[in-house]
Every structure is written in structure tokens, then in C-alpha cells.
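Q: Pasting a structure here, questions to come.
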Amino acid sequence: MKNYPAIIQQLEPVVNQLDSEIWGELRQLVESLEANLAAAREEGRNLRIAVVGQMKAGKSSFLNAAFFGHDLLPKADTPMTAALTKIAYASEPRAEVVFYTKDDWSSIVSKAKEYEQRYQQIKQELMAEGNSPFASKSMAMREPSHQSIEAKIGMDMRASKELVDKAHERGLNLSECLGQTRQLQGVGNADLAKALHEYVGSGGRYTAITKMTELYVNKEELQGLEIYDTPGFNDPVVSRGQQTRNFLGQCDVVFLLSALGQFCGKADLTLLRDQVRDAGIDAKAVILVGSQRDLALRQSSDVVKTGREMAAKIPAEKRAAGTVAAMLFVLTNKMNEHIKNTLQDILRQPSMDESSRKVLSSLQKRDPLYISAWSWMIAENFEQISADDSEQLQALCQLTGFDFDPDSLRQLSNIPAVREVVLAQRHIKDELTKGKEQMLLDGAAQGVNARLNKLLTTLKNRTDQINNGDITQLQSLQKDTQQRLLQGRGKLEAVFDTCVYKIQSDFALLKTDVRAKALECKVESKEILTPRTMKFLLPNGITHFHGVVQSPVLEQ
């Protein structure tokens, strides 16, 4: 790995010719490796479990249901997941906010400055392309949009620029904050979300410089574990998703939550294929969890129908529990078939690297876990649910034709079973962390090589376009562009000629009108201003006149 910084240095002089997104990923992978290796080498450290996924996949809801029984962690439908949240054991419960260190912030500021430079450079390049005779009609004579420029800038630079701007807007005294850890004393669970808003809320004063929040709870089952609630990979706040990518290499186990309504879509599979490989996480340490099972059941009329038909064959005294079990059985089989087919399609791709193939093949052999955090929370607070939850429960009962009670809601949730899977990871800690350092090195090596190959491919494509481009097509495009420019010039000249003619006409009319007014004034002055009266009106120093006052303005 000692050669990787040298690779970055060798590419720096030609960075303007490289794909910005791939270049940003390559540099970030190399820069984060040192921190990942340091974390892996910590003596006696806890097992680190990351709960990851897209926004609104139900990560915070799952952790709330599995470990707290109430909404302690901010949910994804509120803008309060700006930083990683660490959950760990402590005999005395407390909450801490960790700010970026000075070195962290110096790196962020440096990349923000790179963003500014790249932005201006890309803008000039796009404008030059628009003014080129080879430019398309859509590009010609148009200033590039902010979105089109940012699309060519690496995510690491965009995220850094975002953080620096937010810190500046808040007028923070960084020297007093960076490198500090703040204790949130005397804050109960009910008020914790409110207290955290200043540090992780979208409008929080310190959100831009908050690196992590840490929650310590007195639950002995968490001893030996650190569980991390992460920002969504598709978070519109770029810095949040980037923070998750950077941190993943410091974790040992990944629980990937994916909402069943869009189960294992393209973004989830990209995470499995690329991010897990880069993070050096063993294939057996990746666990797929399908969330929001209650919504999937409500939206799957075929599942409900088949399940109820199966339940009709169960004796009446056992039919209630059997109906829920039958519907969940059908839904589980449907989702298992979907994920296996999806993974099989991806594994057929010849470009798949060995590490990613190993992870996906491992997942193909294990059935995902399915949960409904909402169902568990409703069951735990059945007598005190909100009006909105009551409406959702009513819809679930109507669409399934089954009257759910607390027991059947717990059955639907599957939270106890998945919680046990999470806690069981500490019993195989040695197995999961063995060779972590080498896995990180191997993952980084494969990630670097994959991105170098991508860069090489993009450069080769550009070279082929230049060397093997259709000259006839380019000449035709040039001729068409020149013709459009000539036509535009003729139209502009016609417009200018029309404007000049109108101005000349209007000016002639105005000149005639002024002369007529001047003549009227002369006639009136002869009648009104006699020599006797005129001497009282002349400016001091003028003692003679010739009949009437001569007005240069009127004469003109």
C-alpha cells in the first residue's frame, strides 16, 4: 500500500483530464485507509456493527424498536441524522457530541478550496465547448447550469464545500469547538432528540462540525458492542452520505436495511458491490434485512389472498395465529425469490471482481431477515398510540382482512429474532475480526485497481473519439453550425436595421416638432417682450438686445 500515495501524486498533474467522480472515489479510498487500519489495530476494542441503507429504509426505527422500545433516535423522516450515531453500553447513561478535530477540518477546508477551483475550471471548459463550432444547439450560446458543473466535481469536494459553507453561515468560532467533546448532562430520553437538534438537526448551530453523537445506555446486552446508526447513502445532504462511506471501513459487521417496497434496488446493490468490498468486510459479516414488512403486506393483495387461502385449512382454534403466519410465509418466499434472482443476474456480469462476487454469492446462500419496526412499537404501546398510527393500523386490518392485536403485531414485527442476530455477532467477534487488517488492504487494493481501470476506460474512450471520429460527420456538423451562425447574423442585422430606421424616423419627427414649438415661442415673444420690458429680464451684465431674445436651444 505504500505505492498508493505515489499513484495519487503521479495522477495529480493530469487530474483535469480525469473523470471527477472516479478520481474523488480513488483519492478518498486511499486517504481513509490509514484511519481504517488504525481502527482495526486497536487492542481490546468492541465489535463495531454498522446499520446502513438508503434514506427512510427504517434504520433508526429498527434500532429504536430493538434496543429502546421508544423513539430515542431521530427518525429518517426528520432532518436530524446529519452525523453518525454510536450506541454503546455504560453503567451511567449519557450523551456526547464529538466535533471534528482540527486536522479533520483542515482537510475539509482544503477540499472545499479545491471545489472552488474545479468549479471555475469546469465552468470555463463547458463554456468553451458551448462556443465551439462543434457544439450542439443545446450547448451553444448558453451558460452551463450549476447542476451540470457540480456533476463533474467529486463527491468528497462537494461534501467539504457544503460543510464549510454551513459553518460560515452559522458564524461558528471554530477554535473553541474543533477537537472538543460536549457532554449533554441531565437529558432524559424524552428530551434527547430536542437536545441533539443543535448538533445534528438541519438547522442546528453546530451541525456542520459535528462528527459523531454517542449514546451510552445501561443495557448489559450491549457490552462488547458498538452499534452505529448511519446517514443514508442517498441523503440529499452530500456530506452525510459521504461520512457513511468514509466510516464503513472501521466497522466489522454490516446490517443493510432495504425497504421491501423497493427491495435491493440499484443503490443497495452498488453498496454491496463496491462499498463493502472497499471496507474490507468479510462476506459472512454482511446481513441483509428487509424493512417495513407491514407496508409490503398492505400492498401485496396476492400475498394476502394466498395466505388466507392457506389459513382456511387450519383448525378454527389455531386459525388466528395461523393466518398471520401464512401471509408472512407467502411474503417471505416471494421476497426470497426476488433477491436470489436479482443477485443471480448481477453475478452473471463478467466484470464482477472476486471480492464483490464473494459477498454477493454469500448473500445468495442466506435468506434475508424481514422486520416491521412499526408493528413492534405499536404492540409495545397499544393503548397509547397516536391518531396517525391508529389510522395506519386500521388500514392494515382492512387490507389484510385480519384484526391485528398486540400479539399478532409482534409476530409481524420479527424484532426479537433480528435483535438476537445482532447481539449474537459478539460471540463470533474473533472470527469476524481475524485478518481484518489484511482484508482492508485487499479491499483497498481491489478498489484502487477497479477505479484505475475505470479511469483508463474513460480516457481510452476519449482517445478513440479523437483518433477514430467520423471526420465527415464532424465536417457536416461544422458546416451546419456555421450556417446557423450566418442565419443568426442575418436575423440580427435585420433587427438592427429595423431599429435604426425607426430611431431615425422618430428623431426626424421629434426635430420637426421642436422647431414648430420654437417658432411658436418666437411669435409669442414678439408680442409679449418689448424692448422696455426686456431690460428688466436680461441677466446682469447684458445691456443690449436685437429685437427679441435669441435662444440657442430653440434655434437648434
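Q: Pairs please, first residue from the range 40-57 and touching a residue at least 40 places away in the same chain (Cβ under 8 Å), second anywhere and open to solvent by 60 Å² or more (accessible area, probe 1.4 Å) and among the polar types (S, T, N, Q), Cβ atoms under 6 Å, 6+ apart in sequence or on different chains.
A: From the range 40-57, the pairs are 54/234; 55/234.
Q: Taking the range 448-476 only, how many residues are open to solvent by less than 60 Å² (accessible area, probe 1.4 Å) and either at pLDDT below 80 or touching an Asp or Glu at 6+ places or on another chain (Cβ under 7 Å) (or both)?
A: The number of residues fulfilling the criteria is 6.
Q: May I ask you to say which residue of 258, 300 is touching a Pro at 6+ places or on another chain (Cβ under 9 Å), small (Gly, Ala, Ser) and open to solvent by less than 20 Å² (accessible area, probe 1.4 Å)? Even if it seems obvious, please write down each step before you answer.
A: Working: 300 fails: touching a Pro at 6+ places or on another chain (Cβ under 9 Å).
Just one listed residue meets the conditions, 258.
Q: For the range 408-441, what are the residues that are under 28 Å from residue 318 (Cβ atoms) and touching a residue at least 60 places away in the same chain (Cβ under 8 Å)? First the steps, then the outcome.
A: Residues of the range 408-441 that are under 28 Å from residue 318 (Cβ atoms), as a first pass: 408-421.
Selection gives 408, 411, 412, 413, 414, 415, 418, 419, 421.
Q: List every residue pair whose Cβ atoms lie under 6 Å apart, where the two residues are 6 or more positions apart in sequence or sit on different chains, the first residue falls within the range 17-31 and is farther than 13 Å from residue 457 by Cα, and the second residue, located anywhere, is outside any helix (DSSP H, G or I) and open to solvent by 10 Å² or more (accessible area, probe 1.4 Å).
A: The qualifying pairs are 20/152.
Let's see how each residue does on (1) aliphatic (A, V, I, L, M); (2) in contact (Cβ under 8 Å) with a residue 24 or more places away in the chain; (3) in contact with a strand residue (DSSP E or B) (Cβ under 7 Å, 6 or more places away or on another chain); (4) under 22 Å from residue 411 (Cβ atoms):
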{"site": "290", "(1), (2), (3), (4)": "no, yes, yes, yes"}
{"site": "308", "(1), (2), (3), (4)": "no, yes, no, yes"}
{"site": "317", "(1), (2), (3), (4)": "no, no, no, yes"}
{"site": "334", "(1), (2), (3), (4)": "no, yes, no, yes"}
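Q: Another one. What residue, of 443, 435, is touching a Ser or Thr at 6+ places or on another chain (Cβ under 7 Å) and of a type in the set (Gly, Ala, Ser)? Explain how you work it out, then say what you get.
A: Values: 435 fails: touching a Ser or Thr at 6+ places or on another chain (Cβ under 7 Å).
From the options 443, 435, the qualifying one is 443.
Q: Which fully enclosed helices (runs of 4 or more DSSP H) of the range 323-440 have 1 or more residues being closer than 26 Å to residue 228 by Cβ and open to solvent by less than 30 Å² (accessible area, probe 1.4 Å)?
A: Values: elements: 354-365, 373-380, 387-400, 406-413, 415-424, 429-433.
Those helices (runs of 4 or more DSSP H) span 354-365, 373-380, 406-413, 415-424, 429-433.
Q: Are any residues in the range 303-319 among the hydrophobic types (A, V, I, L, M, F, W, C), open to solvent by less than 60 Å² (accessible area, probe 1.4 Å) and more than 35 Å from the chain's Cα centre (by Cα), and if so, which ones?
A: If the condition is that a residue be among the hydrophobic types (A, V, I, L, M, F, W, C), open to solvent by less than 60 Å² (accessible area, probe 1.4 Å) and more than 35 Å from the chain's Cα centre (by Cα), then 304, 311, 314 are the ones that fit.
The values are calculated or read from the model by the stated rules, or taken from the named source; none is laboratory data. What you see is a predicted model, and the numbers here were worked out from it, not measured in a lab. Glycine gets a Cβ as well: all are built from the backbone with ideal geometry, and neighbour counts include every protein chain shown. Remember, those area values only see protein heavy atoms, side chains included, never the ligands or the DNA or RNA. Shrake-Rupley method; radii C 1.70, N 1.55, O 1.52, S 1.80 Å.
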